1. Please go through the stretch B:31-41 and give me each residue that is exposed (fewer than 13 other Cβ atoms within 10 Å of the Cβ) and without any contact (Cβ under 8 Å) to a residue 40 or more places away in the chain, ordered by number.
2. Failed condition for A:Ala119, given (1) surrounded by 15 or more Cβ atoms within 10 Å (Cβ to Cβ); (2) at positive phi, with all others met?
3. Sort out which residues of the stretch A:99-108 are surrounded by 20 or more Cβ atoms within 10 Å (Cβ to Cβ), at the interface with chain B (Cβ under 7 Å from one of its Cβ atoms) and out of contact with any Pro (no Cβ under 9 Å at 6 or more places or on another chain), and write them in order of number.
4. So which of B:Leu127, B:Leu134 is aliphatic (A, V, I, L, M), part of a helix (DSSP H, G or I), surrounded by fewer than 19 Cβ atoms within 10 Å (Cβ to Cβ) and more than 10 Å from chain A (Cβ to nearest Cβ)?
5. Name, by its number, the condition in (1) away from every other protein chain (no Cβ under 14 Å); (2) within 16 Å of DNA strand D (Cβ to nearest atom); (3) within 22 Å of A:Glu177 (Cα to Cα) that does not hold for B:Asn27.
6. Given the conditions (1) modelled with pLDDT of 90 or more; (2) part of a helix (DSSP H, G or I); (3) not polar (S, T, N, Q), which single one is not true for B:Glu10?
7. Of (1) in contact (Cβ under 8 Å) with a residue 60 or more places away in the chain; (2) within 16 Å of DNA strand C (Cβ to nearest atom), B:Lys21 satisfies all except one. Which?
8. Being assigned by TED's automatic domain parsing to the domain that holds A:Ile207 and over 19 Å from A:Ile173 (Cβ atoms) narrows it down to one residue among A:Ala57, A:Ala119, A:Ala78; which is it?
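The values are calculated or read from the model by the stated rules, or taken from the named source; none is laboratory data. Computed from a predicted model, the values in this text were never measured in an experiment. Every residue, glycine as well, gets a Cβ built from its backbone with ideal geometry; the counts of neighbours run over all protein chains shown.
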2 protein chains.
Amino acid sequence: MKIEILTKSENREIQNEIIAKIRDLMNYKNLEPGDKLPSERQLSERFGVSRTNVREAIQKLEFYGILKSKPQSGTFVADIGQVAMNGMMEDILRLEEPDFKSLVETRILLELKTVRLAAQRRTEEDLKQMKMALEAYSQKVNNGEDAVQEDLLFHLAIAKASGNSTMNTFMLIITPEIITNFEKYHVCDKGMAFMGIQEHQDIYDAIEAQDPQLAKKKMKVHFKALYQYCYNI
Amino acid sequence: MKIEILTKSENREIQNEIIAKIRDLMNYKNLEPGDKLPSERQLSERFGVSRTNVREAIQKLEFYGILKSKPQSGTFVADIGQVAMNGMMEDILRLEEPDFKSLVETRILLELKTVRLAAQRRTEEDLKQMKMALEAYSQKVNNGEDAVQEDLLFHLAIAKASGNSTMNTFMLIITPEIITNFEKYHVCDKGMAFMGIQEHQDIYDAIEAQDPQLAKKKMKVHFKALYQYCYNI
DNA sequence: CAAACCAATCTGGTTAACCAATTTTTTGAA
DNA sequence: TTCAAAAAATTGGTTAACCAGATTGGTTTG
């Protein structure tokens with residue numbers, strides 16, 4: 001177990017080293033937006049690492065929009081400029097694993113917005129999806145079962161109804177970690193789950209009635225216990 | 001050029017197909033949290049695709065926290081349960097590329113929060129970093145040069161000072177796309193850039209004075225032009 | 001002399017063989 | 001029959017060879 005973690009962090013360390021080397025090379029060669037990087041083979045040889053490692057590092061930088069690979073052509077510097085590139089590289093290298101508190105803080109921020117947007121933009125199809133998630137949640141709770149997953153699915157349905165694909169993606173990214181931690185620390189006990197049914201229903205009604213302010217208010221009520229928990233750790 | 005886009009989307013399509021097949025398999029075999037998936041080789045053979053494709057699909061699901069690979073052991077279902085798993089898979093498969101409007105909307109939401117948090121939590125080191133970014137921006141503008149990158153770096157410095165690693169990560173994810181679009185549509189022309197210097201200074205002062213509400217207010221002023229632009233497309 | 005063409009080369013992507021660690025099975029002595 | 005030890009099979013990760021398409025530089029041709 002410990003070894004697995006070690007190798008993982010080792011792997012991450014290697015990848016960060018390669019990213020740093022790519023950054024230095026780009027600065028040394030004074031590469032500008034649109035310029036071509038040396039080929040993956042050359043990079044792997046120059047850095048003394050495997051081509052797979054180089055590819056993974058490039059893919060990570062591609063994810064953050066700094067590089068762009070074109071098949072059978074090469075890897076190119078994106079149109080963000082050297083200054084921004086260096087600043088972002090620095091941040092990417094220093095990025096730490098998100099802690100639970102920052103996840104909850106971000107979730108609350110996102111959801112207080114998505115619920116308002118959903119109230120404004122929801123379609124009939126969105127309502128249908130939310131209602132299904134809501135009913136699945138009620139049923140589980142009434143059967144006395146754990147319903148953390150159904151809870152989150154209702155919230156994801158709201159995120160989808162918000163019509164903002166970026167926020168939807170971000171919600172998807174943080175949800176698994178939230179679920180894991182909730183089930184680990186038993187954030188949602190039985191009493192809270194029962195209250196949750198009515199709270200969910202209130203949120204749904206506000207969205208259906210297309211009342212953004214009410215929807216936000218009801219979401220705040222729903223998060224009240226969460227706030228308390230989060231700041232009591 | 002078009003071909004490249006085609007192959008990219010083709011590739012994405014293949015990956016989504018594999019993800020869907022993995023989902024179906026997990027449902028068929030009734031896999032629960034902690035259970036082991038068939039090996040990558042078996043999956044690639046069963047699905048009739050290369051092992052690389054399978055690995056990439058697994059890595060994507062790992063990114064979203066649904067699977068977890070352990071070296072020399074196997075790939076396991078994360079602790080989020082079947083219901084949440086199916087719901088998230090559905091969302092992941094239907095995820096569309098984020099549009100510019102949703103990016104700006106999300107950026108404004110994030111920054112109005114990070115600037116408040118930064119005002120509360122900023123360290124002396126954070127202030128130093130922000131001041132450097134601010135000065136780099138002023139210098140570029142005063143030289144009549146384009147300063148979109150320096151602008152964004154100042155905002156990233158705020159995100160870092162917020163002490164919320166999740167929001168910091170999310171800002172990093174959306175920044176390159178923002179820069180590209182800003183430079184493409186010339187959102188920041190010369191006049192706005194000059195105004196921007198004072199606006200940045202105001203934000204900095206509010207953060208230094210540890211006044212969250214003032215910081216938020218000044219950030220709103222800074223975003224005013226952006227709001228107008230965004231909703232006039 | 002310029003434009004069209006073609007083959008050698010270089011590219012990222014893909015496939016297959018290999019590795020070290022782990023897990024399962026076999027084995028043989030107690 | 002039991003159970004520890006060893007060997008065989010299985011795993012995700014890594015490396016190296018291979019592929020098809022793009023690039024390039026020289027050659028040919030009008």
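1. B:Arg41
2. (2)
3. Pass one, the stretch A:99-108, residues surrounded by 20 or more Cβ atoms within 10 Å (Cβ to Cβ): A:102-107.
The next check asks that each one be at the interface with chain B (Cβ under 7 Å from one of its Cβ atoms); those that pass are A:102-103, A:105-106.
Listed by number, the residues that qualify are A:Ser102, A:Leu103, A:Glu105.
4. Numbers: B:Leu134 fails: surrounded by fewer than 19 Cβ atoms within 10 Å (Cβ to Cβ).
None of the other options fit; the residue is B:Leu127.
5. (2)
6. The number of the failed condition is (1).
7. B:Lys21 satisfies all of (1) in contact (Cβ under 8 Å) with a residue 60 or more places away in the chain; (2) within 16 Å of DNA strand C (Cβ to nearest atom) except (1).
8. Values: A:Ala57 fails: assigned by TED's automatic domain parsing to the domain that holds A:Ile207; A:Ala78 fails: assigned by TED's automatic domain parsing to the domain that holds A:Ile207.
One residue alone meets the criteria, A:Ala119.
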